[in-house]
Amino acid sequence: MTARDPTIILDPAHAWRAADILRAGGLVVFPTETVYGLGANAFDPRACSRIFAAKGRPTGNPLIVHLAGLDQLPLVAQRIEPAARLLLERFSPGPFTIIVPRSQRIPDVVTAGLCSVAVRIPSSPVARAILTHCGFPVAAPSANRSGRPSPTDFDSALEHMDGRVEAIVRGPDCEIGLESTVVRVESGRVRVLREGAVTREMLREAIADLARLDAAAGNSAESGSATVELCSGPEYGALDAAEGPAEAPGTRYRHYRPEAALIAVERADLAVALDRYGGCATALLALRPLQSGEVQHRGCSLLFGFDSLDHYARELYRCLRACDQGGCETIIAELPPAAGMGRALRDRLLRAAGRY
Ligand code: AMP
Ligand code: MG
C-alpha cells in the first residue's frame with residue numbers, strides 16, 4: 001500500500017470483497033465479538049509482517065490465527081491433546097483462544113518463532129462470513145496502534161488504521177468489548193494466559209464435565225486429569241523479568257493505555273481517590289449508575305456508570321477513548337471484584353494503569 005491508496009470502507013454484506021483483498025496479500029480490519037481485528041492471510045508471511053508495521057507491534061509478540069470452523073484446524077495445528085480439543089469444541093465459536101503445536105504451513109512471523117500457534121474461531125457473523133469466504137486462516141491481532149486500548153467500534157478502528165490498511169469493514173459495535181481468553185493445555189493441565197469472557201469458572205465447569213465423561217467411559221484419559229492452574233493477574237508481570245521466551249509473550253508489553261493517566265482503585269478506595277484526583281480534568285468509571293451533579297463526584301467532568309460487569313467490559317475501551325477526546329488528564333476507574341468477567345476487567349484496568 002502506498003500513500004496514494006486510500007483505505008476502502010466495506011459494507012459487512014461485502015464479506016467476499018474483504019476475502020479477496022486478504023487473498024491478494026492486503027490488510028483488512030473487521031469486527032469480531034471481542035474487539036475489531038487487523039487481519040492478514042496467515043499463510044502469507046509478507047502480509048503478516050505488514051500487520052506488525054501497521055500496528056507498530058513488537059515482532060516478538062505472536063498473532064492469533066482465526067478460523068471459520070473446527071474443520072480448518074489441521075491447516076494450522078499439529079497433534080492436539082484431547083483436553084485442548086474438547087475445550088476448543090466447547091467454547092467455539094466464541095471469545096476463546098487456545099495455544100496448540102503449530103503446523104509447518106504457519107510462517108515464523110505469525111508465531112514469533114515459537115513452535116506453538118494461537119487459534120480462535122470467532123462467533124461474530126461478519127467475521128465468520130469473511131473467514132468462510134477466505135477458506136484460509138487469518139492472523140488478526142486487535143486493530144489498534146500497539147499499546148493503546150483496542151477498538152470496539154468502527155469509528156475507533158478507523159481512527160487507528162485509516163491509511164494503514166487496504167480496507168476496514170464498517171461492522172457493528174463489539175458485543176463483548178475485551179480480547180479473548182487465551183489458554184494453554186499441557187499434559188492435561190489448563191493454564192489461563194489471558195483473562196477474558198470465557199471465565200475461569202466456565203473453564204472449571206467444562207473440565208469437571210470432561211472428568212465426568214472420562215469416568216463414565218471408565219478410563220483415566222488426559223482430559224480427566226486436567227485442572228485449571230490458578231495464576232492471578234499480577235503474576236503475568238513476573239514474566240517481564242523472565243529470561244528467554246516468555247510463556248505468554250504478549251503480556252510483557254505495554255497494553256491498553258489511554259493518553260490520560262488511569263488510576264485503578266478498589267471500591268472501598270474510590271472516595272479517597274476522588275478527594276485526591278477529582279476535578280474538571282478527571283473522569284470517573286464506576287460499577288454503578290452515576291448521576292451528574294452528585295457532590296461525591298468532586299466535579300469530575302465525565303462520568304461513566306455501568307450496571308453490570310458485561311456492560312463495563314463492553315464500554316470500557318470506548319470510554320477510555322472518550323476521555324482522551326474530552327481532554328481528560330486523569331481517569332479514576334473502579335476495579336470490580338476478581339470473579340467471573342471481573343478478572344478480565346481487572347487485568348485490563350491494571351495494565352492500563354501501568355501497574356503490571
Ligand atoms: P492480541 O494482540 O490481542 O491479538 O493478543 C494475542 C495474545 O495471544 C498475545 O498476548 C500473544 O502473546 C498471545 N499469543 C499468541 N500466540 C501465542 C503463542 N504461540 N504462545 C503463547 N501466547 C501466544
Ligand atoms: Mg491487542
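The values are calculated or read from the model by the stated rules, or taken from the named source; none is laboratory data. All of these numbers come straight from a predicted model, not from anything done at the bench. For neighbour counting, all protein chains shown are included, and Cβ atoms are generated from backbone atoms with ideal geometry for every residue, glycine included.
Every residue in the range 26-61 that is of a type in the set (S, T, Y), more than 10 Å from ligand 1 (Cβ to nearest atom) and under 22 Å from R348 (Cα atoms), please.
Initial filter on the range 26-61 (of a type in the set (S, T, Y)): 32, 34, 36, 49, 59.
Next cut, more than 10 Å from ligand 1 (Cβ to nearest atom) only: 32, 36, 49, 59.
Correct list: T32, Y36, T59.
Would you confirm whether any residue within the range 288-298 is at pLDDT 90 or above and within 16 Å of ligand 1 (Cβ to nearest atom)? So that I can check it myself, show each step before the final result.
Keep residues of the range 288-298 that are at pLDDT 90 or above, which gives 288.
From what is left, the residues that are within 16 Å of ligand 1 (Cβ to nearest atom) are none.
Looking through the range 288-298, none of the residues is at pLDDT 90 or above and within 16 Å of ligand 1 (Cβ to nearest atom).
When you check A13 against the structure, is it surrounded by 24 or more Cβ atoms within 10 Å (Cβ to Cβ) and over 19 Å from P151 (Cβ atoms), yes or no?
Criteria not met by A13.
In summary, T132 fulfils each of the numbered conditions (1) buried (at least 24 other Cβ atoms within 10 Å of the Cβ); (2) in a helix (DSSP H, G or I) with the single exception of condition (1). Restricting attention to the range 195-230, and to residues there that are buried (at least 16 other Cβ atoms within 10 Å of the Cβ), at pLDDT below 85 and touching an Asp or Glu at 6+ places or on another chain (Cβ under 8 Å), which single residue is nearest to E89 (Cα to Cα)? The residue in question is S223.
Is it true that some residue in the range 298-314 is outside any helix (DSSP H, G or I), touching a residue at least 60 places away in the same chain (Cβ under 8 Å) and either farther than 22 Å from S180 by Cα or of a type in the set (S, T, Y) (or both)?
Narrowing the range 298-314 to residues outside any helix (DSSP H, G or I): 298-308.
Applying the additional criterion that residues be touching a residue at least 60 places away in the same chain (Cβ under 8 Å) yields none.
Looking for residues that are outside any helix (DSSP H, G or I), touching a residue at least 60 places away in the same chain (Cβ under 8 Å) and either farther than 22 Å from S180 by Cα or of a type in the set (S, T, Y) (or both), one finds none in the range 298-314, hence no.
There is at least one residue in the range 42-53 that is closer than 15 Å to A127 by Cβ and crowded, with 23+ Cβ neighbours inside 10 Å. Considering the range 21-116, the qualifying strands (runs of 3 or more DSSP E), each wholly inside and each with 3 or more residues that are more than 16 Å from ligand 2 (Cβ to nearest atom) and more than 16 Å from R145 (Cα to Cα), run over 96-101.
With the condition kept exactly as written, say whether any residue in the range 256-272 is within 16 Å of ligand 2 (Cβ to nearest atom), surrounded by fewer than 19 Cβ atoms within 10 Å (Cβ to Cβ) and at pLDDT below 95. There is at least one residue in the range 256-272 that is within 16 Å of ligand 2 (Cβ to nearest atom), surrounded by fewer than 19 Cβ atoms within 10 Å (Cβ to Cβ) and at pLDDT below 95. Residues considered: E159, E179, E175. Of these, the only one that is buried (at least 24 other Cβ atoms within 10 Å of the Cβ), more than 17 Å from R90 (Cα to Cα), at pLDDT 95 or above and acidic (D, E) is E179. Against the numbered list (1) modelled with pLDDT of 90 or more; (2) surrounded by 14 or more Cβ atoms within 10 Å (Cβ to Cβ), L239 comes up short only at (1). Residues in the range 143-156 that are in contact with a helix residue (DSSP H, G or I) (Cβ under 6 Å, 6 or more places away or on another chain), over 16 Å from I51 (Cα atoms) and surrounded by fewer than 17 Cβ atoms within 10 Å (Cβ to Cβ): 0 in all. When P122 is tested against (1) away from ligand 2 (no atom under 16 Å from the Cβ); (2) in a loop (DSSP other than H, G, I, E, B); (3) surrounded by 24 or more Cβ atoms within 10 Å (Cβ to Cβ), just one condition goes unmet, and that condition is (1).
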